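Comments concern the structure below.
The values are calculated or read from the model by the stated rules, or taken from the named source; none is laboratory data. The model shown is predicted, which means the values in this text are computed figures rather than measured ones. Backbone-built Cβ (ideal geometry, glycine too); neighbour counts: all protein chains shown. With ligands, DNA and RNA removed, areas are computed over all heavy atoms of the protein, side chains included. Shrake-Rupley method; radii C 1.70, N 1.55, O 1.52, S 1.80 Å.
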Amino acid sequence: MKKEPTLRADAQKNRERILTAAGEVFLEQGAGVSLEEVARRAGVGIGTLYRRFPTRELLLAESYNARLLAFAAMSRENDAKRDPVAAVRSYLVGLVTTTQVYRGLATSLGMVLQSGTPGCIALTEEGERLLSLGQQAGVIRTDVTFDDLVFVVTAILIATEQDSTPESRITHLVELFINGISRRTL
């Protein structure tokens, strides 16, 4: 990830206003809301928004950065207490739960994770690490990639987006996937 240049005070204030507004608007209306609405809520012009965040995915990633960093850190702390399959299972359930806060994020999750923000990098590295640990232990198939995990999380997000209480469905769908990639019976 390239380091963003130091911003003037007014530009930094606009950036923070945009991120605050984006978090609120995405939470209220979903990830597909118009960026004009985000700019309006932040009190800036659309050009200012696009100068700071040239794509919707980058704005989503930046607005979600703290949550993703916290989730990656929590996963890293907790995985030592679990076997590798259970750690991947917990990571997947947690990732679905963490990212379902913004309705509609599923359709761009893969692109969001490639944005290069610290949270996206930490989340990706943690998923790759857990997958590698499971593969090295011989309990997860070696042909499974991190992209496969993202595809499954995306599918589960789409499948559970309209559920009013998706927790048990998420766990069930993750378990189906884990059973498919595991080299042992669970």
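General remarks:
- Global geometry of region 119-160, whether rounded, prolate or oblate, following the gyration tensor of its Cα atoms and the 1.5 cut on a/c: oblate
- Per residue accessible area of the chain, 1.4 Å probe, in Å²: 52
- Candidates 44, 174, 112: whichever shows maximal mean-square fluctuation once the chain is modelled as a Gaussian network with Cα springs under 10 Å: 44
- Surface composition of the chain: carbon and sulfur make up 53 percent of the accessible area, probe 1.4 Å.
- Where trypsin sites (Lys or Arg not before Pro) in DSSP loops with at most 15 other Cβ within 10 Å are excluded, longest remaining stretch of the chain: 9-80
- Region 78-174: C-alpha gyration tensor shape, a/c 1.5 cut-off, then a/b vs b/c: oblate
- Once the Cα gyration tensor of region 31-119 is diagonalised, semi-axes √(5λ) in Å: 31, 12, 10
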